Each structure stands twice: as C-alpha cells, then as structure tokens.
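All remarks here apply to the structure that follows.
The values are calculated or read from the model by the stated rules, or taken from the named source; none is laboratory data. These numbers were taken from a predicted model, which means no experiment stands behind them. As a convention, Cβ positions derive from the backbone with ideal geometry for all residues, glycine included, and neighbour counts pool all protein chains shown. Accessible surface is based on the protein model in full, side chains and every heavy atom, while ligands, DNA and RNA are left aside. Shrake-Rupley method; radii C 1.70, N 1.55, O 1.52, S 1.80 Å.
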Amino acid sequence: MNPPGDARPAPEERLFRGSSDPSDPRPPYPDSTPLPEAPPWRIPGGSAHRPYLIGADQVDVVNAALRLRRPLLVTGRPGSGKSSLARAIADDLGLGPVLTWPVNTRSTLGEALYRYDAIGRLREQQMGDYQEQARDVGHYIRLGPLGTALATQHHGLPRLLLIDELDKSDIDLPNDLLVVLEEGRFEIPELSRLPDEQQQDGVAVGVAGSHELHLVRDGVVRCVEFPFVLITSNGEREFPPAFLRRCVRLELPYPDEKQLTEIVRAHFATEREPDGARQWEQITELIREFVARRTLRELATDQLLHAVHLLRQDVRPDDHLREAVLSELGDSARPG
C-alpha cells in the first residue's frame, strides 16, 4: 500500500513497474498485462467525432464563412482549439476526412498543389519503352492537400482543408495562396505540355489521403465547388491586407471554467457512473487548478482532458505527474 498522503499508485497498481523488486506480487514476466481503456480519441478506427463546444458568437462567424465560401482565418493562443475546429466542422457537415497542410518556414505553394516524381519516371523510362511510359505520366503525379481540395468532392459536397499555422510561412506564401483560392484552379505544366491525343480523355492522377484517382483535362485542375478552407494562426506575424480582406476572421479565446466543465461533461459521463459524485468533486478541483495554471502558462484543453482521463482511472496526479501532463506548451509541440 502507499504511505499516508502519498498520491502515487501502489507498485501492484502500476502498469510499468520499472524495477525487479522481488517483493513485487506480480510475476516478473507475465504473459500479458491487461491495459485500461484508452481515451476515446486514442482508439484507432473508433469514432472520429469528438465534442467541440464554442460560443454562439463564434458559431455564427463559422456559418458566415460557410455561406460566403470564404476562407476562415482562426486566430488564438496555442491550445485554444483552432485546428480541432476543422475536424468538428467536417464531422458536423459530413465533409469527409479533413485534408491537412501543416505549414512551416520551408513550405511552398507547389508542394500543397501537387508533386511530380520526375526521378521515378526517368528510372522507369530507362527500364522500358519510352513511348509507353510517356502515356502514363499521370502515374507520377499526386495532388497535395490543397490540390486535392480543389479537385475532389465528397458525396457532392466540398472538401475541408486545414492550413495549419500559416503565420510560420514565408512572407510571400499567403498572397500566392490567395490567387489559387480566388480562382479555384491551377495548372500542372507536366500535363498541359502533353500532345492533344494524350489529353483527349484526360489524365488520371493520384490524390492525397486515398487511392482514388482524379481525371485532369487540359492540364488544369478546376474545382466544381470551392472547398471550405480553415486557416489557423498563432499570431506570430501579420498577414498582408489583401489576404485579410478575403478571409472571414475568428478569434478563439480560451474557454473559461464554465465552458471547460461543459467540455469535460461532453467527453466523459462521469456523474452518471458508480461513485461518480465523489469523482466529479475531484474533477471540478482539477478544472479549477487547470484554470489557475493557465493564467501563468499556455495550456491546451486537451491537456485537461488527459488529466481527467487519468483521474477517472484512479490515477491521482501528484506534483511530478501534474508537471508532465500539464506541461507548458513549447515551440516544438503546440497543438492548435
């Protein structure tokens, strides 16, 4: 058993023991150790839907962007739920899996539109008949997340594209991106240069995130329906005025204590479970502590949900575990 006042699990309650203590009641090498249930959002192949709660004013802004078919520029501090909003919208409207383009200082518009495997094509040409390979140039082209969003529809609906942390990009990328989003089209020179007879029926190219093919005619990808584009920014720099004018802007504040309580209730049915009242008192205390810590450091709502999940499994986080689970968001890992 634990000594009085020690919040750590007893050795027999730990999954990983980290020792070979002969007094340990469990066998040293068990055939299998049953693991407790994982959080709902960490079950592969499980339900992709996660509750996402924001205020009515924020919901109205999202709907305005949807009606106007304009990009939604979502700003806010790290951990305020910016990127999670994209998945919530896609789930709610049935827009299919979210296409994601994570942006950094090296990102280019070209990589988001398509990739052409010239080296692979040259290698196969050297191994076979050149004319036969020339007719299959589409085999070496795969659309990127932006190109796929412009090229494909999900059951007749537009796709949702998440452009994550655009403020980390090169200074010219927002304006370059704006041109493509305004026109809803882009050219693939490797296809437009093909002879007319090779383009007569279009050229099939791969798309991001699936094994489907998209037929490109005349070397140009054109959208039938403008995709819904959600762009996130942590506010590391300003965007050009021309770019901002064409976006609907949404500022996401950190959820307050009441909203956090609603979010936890939406994810966990703790109060309706056996011993739920006692456990909910502990969760409420944890929420208050989270809000207090957040005034001093940047914390994500997901971190609170992780701590609640541990608490529901009777793992009462002491000081060292609190620091691990509720660690400050750094530059290397900044969930939106």
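Elements of the type strands (runs of 3 or more DSSP E) sitting completely within region 219-266 and holding at least 3 residues that are surrounded by fewer than 20 Cβ atoms within 10 Å (Cβ to Cβ): these cover 248-251.
If the condition is being open to solvent by 50 Å² or more (accessible area, probe 1.4 Å), in contact with a strand residue (DSSP E or B) (Cβ under 8 Å, 6 or more places away or on another chain) and either farther than 18 Å from Arg69 by Cβ or in a helix (DSSP H, G or I) (or both), then region 181-194 contributes only Glu187.
Taken over region 186-208, the criterion of being within 30 Å of Val248 (Cβ to Cβ) and touching a helix residue (DSSP H, G or I) at 6+ places or on another chain (Cβ under 7 Å) is satisfied by Phe186, Val207, Ala208. Return the residues of region 148-180 that are surrounded by 16 or more Cβ atoms within 10 Å (Cβ to Cβ) and among the β-branched types (Val, Ile, Thr); say none if nothing qualifies. Across region 148-180, the qualifying residues are Thr148, Thr152, Ile163, Val180. Look at region 131-145: where a residue is under 19 Å from Asp196 (Cβ atoms) and a partner is among the hydroxyl-bearing types (Ser, Thr, Tyr) and modelled with pLDDT of 85 or more, sitting 6+ places away or on another chain with Cβ atoms under 8 Å, you get Ile141/Tyr114; Ile141/Tyr116.
Right, Pro335: at pLDDT 85 or above, closer than 26 Å to Leu166 by Cα and part of a loop (DSSP other than H, G, I, E, B) or not? Break it down stepwise before answering.
Details: at pLDDT 85 or above: no; closer than 26 Å to Leu166 by Cα: yes; part of a loop (DSSP other than H, G, I, E, B): yes.
Considered against the rule, which asks whether it is at pLDDT 85 or above, closer than 26 Å to Leu166 by Cα and part of a loop (DSSP other than H, G, I, E, B), Pro335 comes out as no.
Annotation note: Cβ proximity below 8 Å between a residue of region 275-296 that is within 13 Å of Arg265 (Cα to Cα) and a residue that is among the hydroxyl-bearing types (Ser, Thr, Tyr) and buried (at least 18 other Cβ atoms within 10 Å of the Cβ) (sequence gap 6+ or interchain) occurs for Gly276/Thr270; Gln279/Thr270; Trp280/Thr270; Ile283/Thr270. Candidates Tyr140, Tyr116: the one that is open to solvent by less than 20 Å² (accessible area, probe 1.4 Å), within 19 Å of Ser210 (Cα to Cα), at pLDDT 85 or above and more than 23 Å from the chain's Cα centre (by Cα) is Tyr140.
Among the residues making up region 97-108, those that are assigned to a loop (DSSP other than H, G, I, E, B) and either out of contact with any strand residue (DSSP E or B) (no Cβ under 7 Å at 6 or more places or on another chain) or open to solvent by 20 Å² or more (accessible area, probe 1.4 Å) (or both) are Pro97, Val98, Asn104, Thr105, Arg106, Ser107, Thr108. When only residues in region 53-79 that are over 17 Å from the mean Cα position of the chain (by Cα) and of a type in the set (Lys, Arg) count, which is surrounded by the fewest Cβ atoms within 10 Å (Cβ to Cβ)? So the residue we want is Arg67.
Listed here are the residues, each with its yes/no results for (1) assigned to a helix (DSSP H, G or I); (2) farther than 25 Å from Val180 by Cα.
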site	(1), (2)
Pro44	no, yes
Ile54	no, yes
Val74	no, no
Leu85	yes, no
Ala90	yes, no
Gly110	yes, no
